[in-house]
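S.K.: Submitted below is the structure of interest, expressed as structure tokens.
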Amino acid sequence: MFIMKYDPDEKVKLQAGTIWKNIVDNQLLILKQVLETLIRLVFFLVTHSSSDLQEMGLSCMRGMVEKFGEKIINQSIDIFEQLV
């Protein structure tokens, strides 16, 4: 749901945001717990051939940076190095 909050389609984005807020009580805690998987999924989206998925992945990465700051950058680089 977190990734879907960054879908280019405004309706999808709003619905996903509402569902995310209703289901997840402590959003920051949950994001910290799934951060590695989330980063891997975002990298998959960014490298996808579909420009819509690439856009969603980049927007999601921006959102994660806003929430986590520098921590996400270091962890993202570590994961990216493992994927290459």
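S.K.: If you take every residue apart from residue 12 with its C-beta less than 12 Å away from the C-beta of residue 12, what net charge results, scoring Lys and Arg +1 and Asp and Glu -1? All intermediate terms of the calculation are to be shown ahead of the outcome.
M.R.: On the way: positive: 5, 11, 13; negative: 7, 9, 10, 52.
Net charge in that neighbourhood comes out at -1.
S.K.: How long, wide and thick is the chain, going by the Cα atoms along their three principal axes, in whole angstroms, largest first?
M.R.: 34, 31, 17
Each value in this text was obtained by applying a stated rule to the coordinates, not by laboratory testing. Keep in mind the model is a prediction, meaning the values are calculated, not measured. Cβ sites come from the backbone with ideal geometry, for glycine too, and all protein chains shown count toward neighbours.
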